[in-house]
Amino acid sequence: MKYNDGYSKIITDETRRELAAHGNAEYPFKYYLEDIWDFDLHCIDWHWHSELEFVLVEKGLAECFIGSEKYELSAGMGIFINSKVIHRFEAKQNTIIPNIVFSPDLLAEKESLIYKKYILPVLDSDIECVILNPQNLMHKEVLCMLKEIFIAQDSQSEAVTNECKCTELLTVQKLLKLWGILFEIFSDLSRNNKMHLAAGNKKSVRTKFQLQMMMQFIHQNYTNQISLEDIATSGGMSRNNALLVFKNNLHTSPIQYLNNYRLCRAAKLLSETEKKIAAIAFDTGFESPAYFCRQFKNLFQMTPKEYRDR
């Protein structure tokens, strides 16, 4: 959705579930041609949906966050995002990502053999996403099918005043073919138990949501003095559970994550502004410039002044 400032934004509820309808009950499918750079803060913010999603990077470099994992997708690469998986996209320049979002029900009825045998196993699997690399032959097939689906959507707008081109029928045909290839990829992964695909443990939606809420609380309040108790409360859990969730997912503690985030924001200010180092320390939540300098050197292996000079 576009706002008066010219930027697009993702609208979600309190659980980060996207509120936008992707198609309708008659045809639960939607095609988008988007530039991540056009979104607020140059990111498609955290959200999840019950629909499946396929994304192709047509131009630029997309940083894709799936839960606590981060993947870099260069032009020509793509990603499949499973149902109910929380994700976010960022870009440092114009990054064009044609993508499709659709309900699994579009492929087959829930009570059908097709759904139970070929669709439900993917939805119920532990695989949150699959990074599609054109250097892999099976992945390349999926990417080629995606491009054909995108072309079919583009041709629909050209055919508004012309003879019907059966876009919906063609789209579903190609989606079924694409799904057949994707199902083989999932089957190979299950048989071989290898991690040559980008696959994460599909943790509960609630746990992932709580982690993201704590991360978001830190991102929005890092300039203030916040405690472990504050971070845990933002995620609706105890201090001990917050420590456990951060350790299991991000391999760090909430306070260390907070300090590292502050230091990264400070590095950005050092490179983009002429502010004094002491002012930057206070602006990013550090009470002591000396402590800030020590922590900065521990993380970046150089002093703030050396970082700025470089």
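The values are calculated or read from the model by the stated rules, or taken from the named source; none is laboratory data. If you're wondering where the values come from, they're calculated on a predicted model, not measured in any experiment. Glycine also receives a Cβ, built like all others from the backbone with ideal geometry; neighbour counts cover every protein chain displayed. Each accessible area value is taken on the protein alone, full model and side chains, heavy atoms only, with ligands, DNA and RNA left out. Shrake-Rupley method; radii C 1.70, N 1.55, O 1.52, S 1.80 Å.
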Do the conditions hold for Tyr291, that is, is it of a type in the set (Phe, Trp, Tyr), farther than 22 Å from Glu69 by Cα and in contact (Cβ under 8 Å) with a residue 40 or more places away in the chain? no
(1) modelled with pLDDT of 90 or more; (2) surrounded by fewer than 17 Cβ atoms within 10 Å (Cβ to Cβ); (3) closer than 27 Å to Lys297 by Cα all hold for Lys247 apart from (1)
Give me a count of the residues in the range 247-279 that are of a type in the set (Val, Ile, Thr) and touching a residue at least 24 places away in the same chain (Cβ under 8 Å). 2
Within the set of pairs 6 or more residues apart or between chains, which connect a residue that is without any contact (Cβ under 8 Å) to a residue 12 or more places away in the chain inside the range 94-118 to a residue that is among the hydroxyl-bearing types (Ser, Thr, Tyr) with Cβ atoms less than 8 Å apart? Ala108/Tyr115; Ala108/Tyr118; Glu109/Tyr115
For Gln210, state whether it is under 22 Å from the mean Cα position of the chain (by Cα) and surrounded by 18 or more Cβ atoms within 10 Å (Cβ to Cβ). yes
If you take the residues of the range 281-296 that are in a helix (DSSP H, G or I) and within 28 Å of Ala242 (Cβ to Cβ), which of them is most open to solvent (accessible area, probe 1.4 Å)? Arg294
Determine if the range 60-79 includes at least one residue that is buried (at least 17 other Cβ atoms within 10 Å of the Cβ), modelled with pLDDT of 95 or more, part of a strand (DSSP E or B) and of a type in the set (Phe, Trp, Tyr). no
Being more than 20 Å from Trp46 (Cα to Cα), open to solvent by 60 Å² or more (accessible area, probe 1.4 Å) and assigned to a helix (DSSP H, G or I) is the requirement here; does Lys275 meet it? no
Collect the residues in the range 175-207 that are under 30 Å from Asp13 (Cα atoms) and modelled with pLDDT under 75, keeping them in residue-number order. Ala198, Ala199, Gly200, Asn201, Lys202, Lys203, Ser204, Val205, Arg206
When the residues of the range 224-244 are narrowed to those that are among the aliphatic types (A, V, I, L, M), in a helix (DSSP H, G or I) and open to solvent by 20 Å² or more (accessible area, probe 1.4 Å), which ends up modelled with the lowest pLDDT? Leu244
So, of the residues in the range 40-57 that are open to solvent by 10 Å² or more (accessible area, probe 1.4 Å) and among the aromatic types (Phe, Trp, Tyr), which turns out to be nearest to Asn99 (Cα to Cα)? Trp48
Would it be correct to say that Asn259 is within 20 Å of Gln220 (Cβ to Cβ) and either surrounded by 15 or more Cβ atoms within 10 Å (Cβ to Cβ) or out of contact with any His (no Cβ under 6 Å at 6 or more places or on another chain) (or both)? yes
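So, in the range 90-117, exactly how many residues are part of a helix (DSSP H, G or I) and more than 17 Å from Glu51 (Cβ to Cβ)?
Looking only at that region, the number is 4.
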Among the residues listed as Asp105, Asp124, the single one being surrounded by fewer than 15 Cβ atoms within 10 Å (Cβ to Cβ) and either in contact with a Pro (Cβ under 7 Å, 6 or more places away or on another chain) or closer than 24 Å to Ile11 by Cβ (or both): Asp105
